[in-house]
1. Under 10 Å, Cα contacts only: if you run a Gaussian network model on the chain, which one of LEU151, LEU207, LEU223 comes out with the highest mean-square fluctuation?
2. Anyone know which of ARG145, ARG173, ARG273 comes out most mobile in the 10 Å Cα GNM of the chain?
3. Farthest toward the dipole's positive end in the range 14-276, which of LEU190, VAL81, GLN209, given Cβ charges of +1 (Lys, Arg) and -1 (Asp, Glu) about the Cα centre?
4. Go through VAL158, ILE140, HIS39 and say which Cα lies farthest out towards the positive end of the charge dipole of the chain; charges sit on Cβ, +1 for Lys and Arg, -1 for Asp and Glu.
5. Given H placed 1.01 Å from N in the peptide plane, which residues other than close sequence neighbours of GLY77 have an amide H under 5 Å from its amide H?
6. With +1 on the Cβ of every Lys and Arg and -1 on the Cβ of every Asp and Glu, and nothing else charged, how large is the dipole of the range 117-182 about its Cα centre, in debye rounded to the nearest 20?
7. Can you list the residues, at least 5 places off or on another chain, whose amide H is less than 5 Å from the amide H of ARG156, using H built in the peptide plane?
8. Magnitude of the Cβ-charge dipole of the range 1-151, K/R +1 and D/E -1, about the Cα centre, nearest 20 debye?
Amino acid sequence: MPDDPEKPAPRADSDSVRRVWNANAGFWDSQMGEGNEFHLRVLLPSLERLLALRAGDRALEIACGNGQLARWMARHGASVVATDLSDQLIERARRKPAVGPGRVDLRVVDASDEAALRALGSREFDVVVCNMALMDMPEIEPLARALPELLGPGGRFVFSVTHPCFNRSDSPRVARWSDEGGVVRETVGLEIRAYLTPRAVEGVAVLGQPLAQSYFERPIELLLAPFLRAGLVLDALEEPTFPATEADPASPPRPWFSWSRSLREIPPALVARMVRGGRNPRRDGRDDDPPHSPAR
Ligand SMILES: C[S@@+](CC[C@H](N)C(=O)[O-])C[C@H]1O[C@@H](n2cnc3c(N)ncnc32)[C@H](O)[C@@H]1O
């Protein structure tokens, strides 16, 4: 629940989440294009490493937005089924042709609908990817339960999220100015006031978006728990940050407003890869596939 009773209550069901993303679809598409600064500079290098796409891979994208990552995967040779809850975003994605060699098949699917997810294929996909969307979903258990059925032999699930610890809606950036014996120091940091208790809050992904959206913030243990319970294991983890560059065109005049200039030591995102686990004698479940090899 929000800390401030004056703030609007978060929208915690799929219909409400869909309404907001439909209302924001045009704005989101215009801002995201084929990948915004954050996607291209922070996320994509990690996604590329963890996805480890090979020509001909069958990929499923959950919550694809305007389809920009799906088109990128198709350019890298994957055959992609890209899904999102928002029919308006899927409609916009359909207007943009994917430039092969792979193909993109776009579908409206709510990732909280386990049956709809399972209907996408049985042991079908080499890669399932969910980029910057788990924190937009009130429920992640249905996706976690469906994954072992969706992933083919050697398949991997790759996701990215806003960093659960450092990139929270209630963690303001703080600037400190001090005169230390004639030496002026300006330092910038984050104030982390809460982490462990999951919460739903209203926020904005991109300044200027028509409607605020709901975020469902979870600590790392609760983010991973449904996937671990479903029999997946963590195979790779990255905490990417902005690359070191002299000039940052997106940087505002005051450096402490800019994550890329002032908080480079603090990762704004977390990118992880999970695979079906090996046989665990303490767990009932089918583990037919050999463990995933990171050398793919
Ligand atoms: C921050 S956007 C990310 C879009 C895209 N993955 C990208 O990185 O460009 C979050 C997306 O999650 C989608 N979404 C939210 N809840 C969903 C759900 N239950 N099922 C499927 N998509 C959902 C929204 O419609 C939106 O497209």
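1. Among LEU151, LEU207, LEU223, the largest GNM mean-square fluctuation belongs to LEU207.
2. In this elastic network of the chain, the residue with the biggest mean-square fluctuation among ARG145, ARG173, ARG273 is ARG173.
3. So the residue we want is VAL81.
4. The Cα lying farthest towards the positive end belongs to VAL158.
5. Those lying under 5 Å, H to H, from GLY77 are GLY102.
6. Its charge dipole is roughly 140 debye.
7. When sequence neighbours closer than 5 places are left aside, the close amide H contacts are VAL127, VAL128.
8. 740 debye
Read-outs throughout are calculated quantities, based only on the coordinates presented, and are distinct from any laboratory measurement. Note that the coordinates shown come from a computational prediction; the quantities given were computed from them, not determined experimentally. Here the Cβ is made from the backbone with ideal geometry for all residues, glycine too, and neighbour counts use every protein chain on show.
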